[in-house]
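The structure under discussion appears below in the form of structure tokens.
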Amino acid sequence: MTALGFLYPGHSAEDDYPRMEQLLGSDVRLTVVHTETKESGEDVRSVDALLAMGSAERLAAGVDELRLSGAEAVVWACASGSFVRGPQGAHEQVRALARAAGLPASSTSFAFVRALGEIGAHRVAIGTTFPDDVTGLFAAFLTEAGTEVAAVHGSGAVTDAEAAGWDYGRVLALAREADRPDADAILLPDAALHTVSHLPALEKELAKPVLTANQVSVWEALRLTGRRVNAPGLGTLFTREPVIQA
């Protein structure tokens, strides 16, 4: 049994995790602990709110429960709550989380970077529901990591609750608007979007890999434990042999 732990902000697309657990098989357990997202009246999608949401204190508050669950690794399952700090700040955030948990740790932002390396994607298209300034910070994060951003498409600054209510048609429309012929993969970095049940259909429609926040978070947690799981229901990332870097 491989036990994986996730710190997940709020209660938007949390049901993606039991769905992934089922697709991964009986010997992988995913434990989700919900972190505090905002103060009363705070815009959770502003940069300041995202910085506060990913503070060391808020993340450390959930690690005891993950340790008790037997988790072998922990992932801060929120891209925007990490990449807004920039590469250096995101590294410091992960180091603090690893110290607090006493476990290998990572975040969704770094999961995207490593997943792109896994599938050999160098140019990407990004589709988000974030405000434009937050979306720009994600593009900058990827660029600093050596990824070429071919296109960025934002749907507007919707709330987490709105994003969680999007059906397959709206998620597909977002991905199509973002896509470019020269993009190797399409990235949907919002952990509030329900994407897991749509991955095979999205990749079939778009004819290229699609990476989403909750999907890459689980892949990253498995990577931290040294596990590889073939799970066709979770898209190309979980079926392709890793690219051997020269």
Would you pick out the residues in region 21-56 that are among the acidic types (Asp, Glu), in a helix (DSSP H, G or I) and at pLDDT below 90? Asp48
Within region 185-216, which residues are under 14 Å from Ala151 (Cα atoms) and modelled with pLDDT under 95? none
When region 154-173 is examined, which residues are found to be within 14 Å of Ala201 (Cα to Cα) and either within 17 Å of the chain's Cα centre (by Cα) or among the aromatic types (Phe, Trp, Tyr) (or both)? Tyr168, Val171
Among the residues that make up region 177-184, is at least one of them more than 18 Å from Ala151 (Cβ to Cβ), without any contact (Cβ under 8 Å) to a residue 60 or more places away in the chain and not charged (D, E, K, R)? no
Scan region 138-156 and give yes if some residue there is touching a residue at least 60 places away in the same chain (Cβ under 8 Å) and not basic (Lys, Arg), otherwise no. no
All but one of (1) crowded, with 22+ Cβ neighbours inside 10 Å; (2) touching an Asp or Glu at 6+ places or on another chain (Cβ under 8 Å) hold for Gly54, so report the exception by its number. (2)
Sort out which residues of region 100-110 are surrounded by 22 or more Cβ atoms within 10 Å (Cβ to Cβ) and more than 12 Å from the chain's Cα centre (by Cα), and write them in order of number. Ala105
Mind checking which residues of region 166-185 are among the basic types (Lys, Arg) and either surrounded by 19 or more Cβ atoms within 10 Å (Cβ to Cβ) or not in a helix (DSSP H, G or I) (or both)? Arg180
Can you find a residue in region 57-71 that is farther than 23 Å from Ala145 by Cα, assigned to a helix (DSSP H, G or I), in contact with an Asp or Glu (Cβ under 8 Å, 6 or more places away or on another chain) and modelled with pLDDT under 95? yes
The conditions are (1) free of Cβ contacts under 8 Å to residues at least 40 places away in the same chain; (2) under 17 Å from the mean Cα position of the chain (by Cα); (3) more than 22 Å from Val229 (Cα to Cα), and Val113 fails exactly one of them. Which is it? (3)
Residues of region 202-214 satisfying the condition of being assigned to a helix (DSSP H, G or I) and surrounded by 24 or more Cβ atoms within 10 Å (Cβ to Cβ): Ala213, Asn214
Checking Ala163 against (1) closer than 23 Å to Trp76 by Cα; (2) in contact with a strand residue (DSSP E or B) (Cβ under 9 Å, 6 or more places away or on another chain); (3) surrounded by 22 or more Cβ atoms within 10 Å (Cβ to Cβ); (4) not β-branched (Val, Ile, Thr), which test does it fail? (2)
For the subset of region 215-237 comprising residues that are of a type in the set (Gly, Ala, Ser) and either in contact with a strand residue (DSSP E or B) (Cβ under 9 Å, 6 or more places away or on another chain) or not in a helix (DSSP H, G or I) (or both), which member is surrounded by the fewest Cβ atoms within 10 Å (Cβ to Cβ)? Gly226
Going through region 104-141 in order, the residues found to be in contact with a strand residue (DSSP E or B) (Cβ under 9 Å, 6 or more places away or on another chain), farther than 19 Å from Pro9 by Cβ and part of a loop (DSSP other than H, G, I, E, B) are Pro104, Ala121, His122
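The values are calculated or read from the model by the stated rules, or taken from the named source; none is laboratory data. Not measured: the values here are computed from a predicted model. Heads up, the Cβs are rebuilt from the backbone with ideal geometry, glycines too, and the neighbour counts pull from every protein chain shown.
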